[in-house]
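Read through the structure below, which is laid out as structure tokens, and then see the notes.
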Amino acid sequence: MAMRLSCPAAQASTVGLLEEIEQEAARLGVTVPLEREPLQAALDRAAALGEDIVDLVIARGQTPQPPRDGSLEWAAPYFTVGFMIDPETKRIDFRQKAEELTVEKGQLLVRVHPPIDGRDGVDIFGRAIKVARAKPGAIRPGRQVIWDEKDQGYRAGCEGRIRFAGMVLEVDNVYHIAGDVGSATGNIKHNGHLIVDGNIEPDSRVECSGDFDVHGLIYASDIDCGGTLLVRSGINQTLAKRMRVSGDVVAKYIHNASLEVSGAVHVATEILQSRIHSLGTIDCRHGRIVGGEAVSAADIIVGEVGSRADARTTLAAGLHLGVMHRVQANLATIKQCAEIIRTLGPACKQAMSNSRALTAGQREQAMEMEFKINEAQETIAELEKQNQTLSREAYAGRGSHILILGTVHPGTVLRVYNAQQVVEESLVGPMAAVLDPVTGEVALTSEVETIMEKTHES
């Protein structure tokens, strides 16, 4: 971007030095004109004062101006993560989330700052230095969202709850059911936030794309929730029913349930004989987990584990089952593609080596085999690349932990990432199960203060 000159004072007065410098710049391929007047002044000053010239800029390129991507300025802290903490007791209120999702009609939701393109530069050799184009703010309007030209932002088109997922901003209408969900209401499917004042009766099916707030109990029903599931009483399920939640789960207790949760799980009293797979933390610090399995891609926090009746209880932290299933599915497809290549390869190679002797039909068959082989090879390469990325995602779970504040009963299986330990006798906490970085095995440690501080902060 610049050409610099260093010159001893004794040579600064050399006749024709300026021309020699210009010739040398031309020889080097510099196309930017030299700054003659400052250069001559510097040479005269060096000759007069006897001072050497060191790193004097005598030619400059044009510095590129980087772009500024578009950005979003939210009008309120809508998506604050976590729950409210009682200032006196310092306990987390799992019924009161810190986020503020409720909005009024006409309320400004977000200002969208437009992108500003940068400017290309040129170096001293005349070569262009390209800059990337500025990217717009990652947002698209969805249902019940209106553009405001004056404020350069989006406003709520109705009263409801704001939702921002997959770059789409929407305001969900709230569907409020005053009683139970059951035979009287039929199955519920709602595109938005759902509130039920009563219970979810057995054999019901409830689907909602937003948050689901149940004031009563959830009995044996199929639940598909696109947001956070808040069950103010508890969940009495059967393992034959399925519950899928895209956000967090907050409940007083969970019995005999099969849950797939993309967020965290917060339970006040107990998780009993359930199968819970969560991508976030499973938190039952004031209660117990008895029987079944609790699998988290992050951490697990629990008061008591297992029971005196030796109920088989499995806790697994840092285990991303979704990633594992995708890796296994990719490996199965890779195996199928490899079999295609193994089966068709020799015949295709033989046909292509003698292509002139083939009939039109045989040549078409050979080309079809070659196409299938190439397609299988491309698929293998793509899936192997995917598995490398997935392996890195799974590796992040090595730092996860199981924090046990009370008693661990015999028959409990503690697994962290890819290692596990079976508890043979009762242990009293607080303790943490972590993955030993040296041995690769599960290690139990009573030094949990740092982990507890980290957990409290998160």
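The values are calculated or read from the model by the stated rules, or taken from the named source; none is laboratory data. Computed from a predicted model, the values in this text were never measured in an experiment. Cβ atoms come from the backbone with ideal geometry, glycine included; neighbour counts cover every protein chain shown.
The set of residues in segment 29-59 being surrounded by fewer than 16 Cβ atoms within 10 Å (Cβ to Cβ), under 25 Å from Gly118 (Cα atoms) and touching a residue at least 60 places away in the same chain (Cβ under 8 Å) consists of Thr31 alone.
In this structure, Ser6 qualifies as within 13 Å of Leu56 (Cβ to Cβ) and among the hydroxyl-bearing types (Ser, Thr, Tyr).
In this entry, Gln365 passes the filter for residues that are surrounded by 11 or more Cβ atoms within 10 Å (Cβ to Cβ) and either polar (S, T, N, Q) or not in a helix (DSSP H, G or I) (or both).
The residues listed here are Arg312, Arg288; of these, the one that is among the basic types (Lys, Arg), under 26 Å from Gly247 (Cβ atoms) and touching a residue at least 40 places away in the same chain (Cβ under 8 Å) is Arg288. Of the residues making up segment 177-184, at least one is in contact with a strand residue (DSSP E or B) (Cβ under 6 Å, 6 or more places away or on another chain) and either crowded, with 20+ Cβ neighbours inside 10 Å or closer than 17 Å to Leu108 by Cα (or both). Looking across segment 401-440 at every residue that is of a type in the set (Ser, Thr, Tyr) and surrounded by fewer than 22 Cβ atoms within 10 Å (Cβ to Cβ), the one that is farthest from the chain's Cα centre (by Cα) is identified as Ser426.
Checked against the criterion of being aliphatic (A, V, I, L, M) and over 23 Å from Gly322 (Cα atoms), the candidates Val265, Val231 yield just one match: Val231. For segment 193-205, taking the residues that are surrounded by fewer than 22 Cβ atoms within 10 Å (Cβ to Cβ) and in contact with a Ser or Thr (Cβ under 9 Å, 6 or more places away or on another chain), the one that is nearest to Met243 (Cα to Cα) is identified as Arg205. Check whether at least one residue in segment 119-137 is surrounded by 15 or more Cβ atoms within 10 Å (Cβ to Cβ) and without any contact (Cβ under 8 Å) to a residue 60 or more places away in the chain, and report yes or no. No; the residues of segment 119-137 include none that is surrounded by 15 or more Cβ atoms within 10 Å (Cβ to Cβ) and without any contact (Cβ under 8 Å) to a residue 60 or more places away in the chain. Selection within segment 105-132: residues that are over 30 Å from the mean Cα position of the chain (by Cα) and under 20 Å from Asn173 (Cβ atoms). The member of this set that is modelled with the lowest pLDDT is Lys105.
For segment 160-176, residues that are of a type in the set (Gly, Ala, Ser), out of contact with any strand residue (DSSP E or B) (no Cβ under 6 Å at 6 or more places or on another chain) and assigned to a strand (DSSP E or B) total 1. Among the numbered conditions (1) touching a residue at least 60 places away in the same chain (Cβ under 8 Å); (2) hydrophobic (A, V, I, L, M, F, W, C); (3) more than 30 Å from Val290 (Cβ to Cβ), tell me where Cys348 comes up short. Only one criterion in (1) touching a residue at least 60 places away in the same chain (Cβ under 8 Å); (2) hydrophobic (A, V, I, L, M, F, W, C); (3) more than 30 Å from Val290 (Cβ to Cβ) is unmet by Cys348, namely (1). When the residues of segment 1-14 are filtered to those that are within 54 Å of the chain's Cα centre (by Cα) and not hydroxyl-bearing (Ser, Thr, Tyr), the one that is farthest from Ile53 (Cα to Cα) is Met1. Residues in segment 400-442 that are β-branched (Val, Ile, Thr) and touching a residue at least 24 places away in the same chain (Cβ under 8 Å): Ile402, Ile404, Thr407, Val408, Thr412, Val413, Val416, Val423, Val434, Val442.
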